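*Asks:* Before we start, here is the structure in question, set down as structure tokens.
The values are calculated or read from the model by the stated rules, or taken from the named source; none is laboratory data. Nothing here was measured: the structure is a model prediction, and the numbers come from that model. Here the Cβ positions follow ideal geometry from the backbone for every residue, glycine too, while neighbour counts run over all protein chains shown. Side chains are part of the model used for accessible areas, which takes the heavy atoms of the whole protein and leaves out ligands, DNA and RNA. Shrake-Rupley method; radii C 1.70, N 1.55, O 1.52, S 1.80 Å.
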Amino acid sequence: MHDVIEFADSKFKHYWSELFANDPLQNPFYSQNSSELLRRSKSASHYVDRSFVVIAEGKPVFACSLTMHTDERGRKCLGYFGLEAFSHVNRLSMQTSSNNFKLEAVQVLQHHINRLIDEIQPNILEYLDPVSCGIMSPVTQVLLEKGARPIVQTAKIIDLTLSEHALKRKIRQSQRSMINWGQRNLDISIASEQNFSDNDAASLARIFARAVKSGDSPYSSLERYEQLIRQGKAFMVQGNLKNERRMHERHSTAPVASALFVHTARTCLTYLVPALSRHLNDP
């Protein structure tokens, strides 16, 4: 028997937590903790949470992070608190013989998405297909049939279970040279929940502003990134030229290289990676 548990149901959090624990991707922005941060944010009142979980034989199979809001132009929008809507899968529910999910569960998921779209009649629907387990989401199939326009995004996946030696062997020579240059010439600092300072907050704000100015989507809000760091769900890596490190500590000089990493226990994603500072010579 299959069922759909929606966000307002008292059982939702239980099934959501069980499914997310077995999601092969575990995107940190859609974890239970991150979702709670989003629901407590200042803008949360503008959103109606329509997230749901598909249950089969008492176990969660699929889930979808989904909210509805009306934008400043009066358009009905489906997404997830300013991010794209996102689907999740329970890898324990896959059929080993076909490396796929049971047809009945797929049909329930697609039927519910169709029903929500027919009910809400959105003007805009933004959805990010995680391609979990190498399989296109059944949600994508529904959206394509309704005329959605796909935008392909590239992503690099690094297997962090490999040894340091094995990881280095997979790096191109040109990139390896840059890493070696950085190890010789940069002081690297890591800002996390244990040591996140006012200077680090200022650096984060500069990185965020640079990403917006360059046209790169910052994906999330500055406030949300800082909350994730303070709650131990993200960390920031910064690099300063060795002869400028002391100046940075005294005068909050911007680092020449930086990146933000948002993570769960299984997955770590990289955000806000600006180009190297113009003060750097080509290594």
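*Asks:* Would you list I135, I151, I229 from the most to the least accessible area, probe 1.4 Å?
*Replies:* In descending accessible area the options line up as I151, I135, I229.
*Asks:* What number comes out for the charge environment of R176, summing +1 per Lys or Arg and -1 per Asp or Glu over other residues with Cβ under 12 Å away? Intermediate values should be presented prior to the final figure.
*Replies:* Details: positive: K168, R169, K170, R172; negative: none.
Once positives and negatives cancel, what remains is +4.
*Asks:* What is the sum of charges around G79, taking Lys and Arg as +1, Asp and Glu as -1, for the other residues whose C-beta is under 14 Å from the C-beta of G79?
*Replies:* Charge balance in the 14 Å sphere: -2.
*Asks:* Continuing with this model, one more query. To the nearest 10 square angstrom, what accessible area does V4 show with a 1.4 Å probe?
*Replies:* 40
*Asks:* Too long at a 27 Å Cα-Cα cut-off: which of K76/K233; K11/K102; K146/K213?
*Replies:* K76/K233; K146/K213
*Asks:* Just reorder I157, I113 by solvent-accessible area, largest first, 1.4 Å probe, all chains present.
*Replies:* I157, I113
*Asks:* Let me ask something else about it. Long-range amide H contacts for E193: which residues qualify at under 5 Å (H placed 1.01 Å from N, peptide plane, sequence gap of 5 or more or a different chain)?
*Replies:* Amide H neighbours of E193: G232.
*Asks:* While we're looking at this one, here's another question. Leaving out ligands, DNA and RNA but keeping every protein chain, what accessible area does S10 have, in Å² rounded to the nearest 10, with a 1.4 Å probe?
*Replies:* About 110 Å², rounded to the nearest 10.
*Asks:* Residue by residue through region 69-74, what is 3J(HN,Hα) from phi via Karplus (6.51 cos²θ - 1.76 cosθ + 1.60, θ = phi - 60°)? Round to whole Hz and write x for glycine and proline.
*Replies:* Taking θ as phi minus 60°, the curve returns 8, 10, 7, 5, 9, x Hz for region 69-74.
*Asks:* Please give every one of the aspartates and glutamates within straight-line cross-link reach of K170, meaning a C-alpha to C-alpha distance under 20 Å, and leave out same-chain neighbours fewer than 8 residues apart.
*Replies:* D159
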